[in-house]
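Bear in mind these aren't lab numbers, they're just calculated from the coordinates by the rules spelled out. In this text, all values refer to a predicted model and were calculated from it rather than measured experimentally. Glycine gets a Cβ as well: all are built from the backbone with ideal geometry, and neighbour counts include every protein chain shown.
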Amino acid sequence: MELERLELEGFRNYVRQAADFDPRCNVICGENAQGKTNLLEAIVYLSRGRSPRARTDREMLGFEAESARLLALVRSRGRSFRVQADLFRGRRRRLLVNQVPLKTGAALGDVYHTVLFQPEDLYLIREGAAARRRFMDTALCQLRPRYAAALAGYERAREQKTRILRDFGERPDLLAALPEFNEQMIRLGAALIHYRHRFCLRLGEYAAVHHRECSGGREHLEIRYQTVSSVQDPGGEPGRLAEELRTHMAAHREAELASRLCLSGPHKDDLLVTIDGREAKTYSSQGQTRTAALALKLAEREIYKNAAGEYPVLLLDDVLSELDPRRQEFVLNRIAGGQVFITCCEEDRLPSLLGGKVFHVERGTIRQ
Ligand SMILES: Nc1ncnc2c1ncn2[C@@H]1O[C@H](COP(=O)(O)OP(=O)(O)OP(=O)(O)O)[C@@H](O)[C@H]1O
Ligand SMILES: [Mg+2]
């Protein structure tokens, strides 16, 4: 997949700009607050119908603008697409692909796909399990519609169970419904474990390769899926997984009733990330953290490529700072395959770019 051209009008600090991109690497340079992240935001918006940071479409309209137009010319599956989004101050946005209106933003996923790395993604390594679970869930939901359905069903059952556990003191009759929701969580939870296990195996393989290359062969990254303790083998039969989850839930029944909380289950799953055998969350340096988070994103891109047959467009926002020249060189020149966009502040201190284009962004203007 390739973004050939982008046109922006009335979008954030871009009054009216257009740029033609390289099929390989595009480096977007500029000082702070010039519009680099805004540019990536526009590219992501056109691939998902959703901004990675704005809560409302209105936020993205230029301060002086009544409406905004974002237009991308995209090559994907051997065809050309014209993806357009029109945003307005007072009414609903409009999405068009080749002039045909779309009902939902999700339908854009059929045209082209982006993988975004933003500074917040360091949470993937640094923070608690929730960030890593969200990463896994987001990727899997895009890849496997059945997973998305199982996850939605599991979360609904868990909400019901949480409500029962919270309120049964005043209304003991609620407890009668508990076994039904437990059983739903067991059945759907087994499906989640099944998919997550397989996803993590592949994720770990790819991420280890990228991390090793980025660190010049010096570091070994490992990713291990961690689920509820009663599950002996997350790669086992779904029927067996369900049996293990049932035993697990029964063992926690008393504690859940006493604490009034839905304690243990796949909703507490995690990915254990280690570098040279030590937990990255606790021991990794800033550069290692960045490298590991990047390796995870690159692995996600690889998995997507296997499923879709084409690399998605990779967007790296501010990934180069804190990396030593060897690791920067890897990011600029050795991320093989697919189109890449990289933002950075100082071009002169970077290793030279072997193939691609460099753009300079200054107060909402783009120069090549
Ligand atoms: N709706 C908007 N209309 C006009 N300008 C906006 C709007 N939203 C944000 N901006 C401005 O856009 C400017 C550039 O923001 P952006 O996040 O793209 O900077 P950046 O180049 O990525 O900088 P940094 O290197 O600090 O990350 C900011 O100064 C911000 O005030
Ligand atoms: Mg930025």
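For a quick check of your reading of the filter: which chymotrypsin sites (Phe, Trp or Tyr not before Pro) in region 33-85 sit in a DSSP loop and have no more than 16 other Cβ atoms within 10 Å?
Answer in residue order: F63.
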* Asked: Once the dipole of region 125-282 is set up with Lys and Arg at +1 and Asp and Glu at -1 on Cβ about the Cα centre, which of F168, Y195, A242 lies farthest towards its positive end?
  -> Y195
* Where the centre of each part is set by its Cα atoms, how far does region 51-80 sit from region 8-40, in angstrom? -> 12 Å
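Loop-only check: which trypsin sites (Lys or Arg not before Pro) in region 303-335 are DSSP coil with at most 16 other Cβ within 10 angstrom?
Numbers: sites: K305, R326, R327, R334; in loops: R334.
Within region 303-335, the qualifying trypsin sites (Lys or Arg not before Pro) (loop, at most 16 other Cβ atoms within 10 Å) are R334.
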* Could you work out the relative contact order of region 125-282, using alpha carbon pairs under 8 angstrom and six or more residues apart, expressed as a whole percent? => 31 percent
* In debye, nearest 20: dipole of region 125-282 around its Cα centre with unit charges on the Cβ of K, R (+) and D, E (-)? -> 320 debye
* region 185-256: trypsin sites (Lys or Arg not before Pro) in DSSP loop, at most 12 other beta carbons within 10 Å -> R218
* For all pairs of alpha-carbon atoms in the chain, what percent lies in each bin of width 20 Å, listed from the first bin to the last filled one? -> 27, 51, 22, 1
* Amide H to amide H under 5 Å from R16: which residues, 5+ apart in sequence or cross-chain, H placed 1.01 Å off N in plane? -> G10
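What is the ratio of the Cα radius of gyration of region 11-98 to 2.2 N^0.38 Å, with N the residue count, to two decimals?
Details: Rg = 13.4 Å, N = 88, 2.2 N^0.38 = 12.1 Å.
So region 11-98 has a normalised radius of gyration of 1.11.
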* For the chain, set up a Gaussian network in which alpha carbons nearer than 10 Å are linked by springs, and say which option among L178, L96, L124 fluctuates the most. => L178
* Over the alpha carbons of region 125-282, what is the largest minus smallest coordinate on each principal axis, giving the biggest first in Å? -> 62, 31, 26
* Asked: If you build a Gaussian network model of the chain, linking Cα atoms that sit under 10 Å apart, which residue out of A152, A107, A258 swings the most?
  -> A258
* **Note, ³J(HN,Hα) from phi for region 66-76, Karplus 6.51, -1.76, 1.60, rounded to Hz, x at Gly and Pro** => 8, 8, 9, 10, 10, 9, 10, 9, 10, 9, 7
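Can you give the % of DSSP beta bridges in the chain that are antiparallel, to the nearest 5? Don't skip to the answer; put the middle values down first.
Working: 41 of 58 bridges.
Bridges in the chain that DSSP calls antiparallel: roughly 70 percent.
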* Asked: For region 25-65, what is the convex hull volume of the alpha-carbon atoms per residue, in Å³?
  -> 92 Å³
* **Gap separating the Cα centres of region 271-303 and region 187-256, nearest whole Å** => 17 Å
* To do: Choose one answer from L314, L46, L261: the residue with the largest mean-square fluctuation in a GNM of the chain with alpha-carbon springs under 10 Å.
  => L261
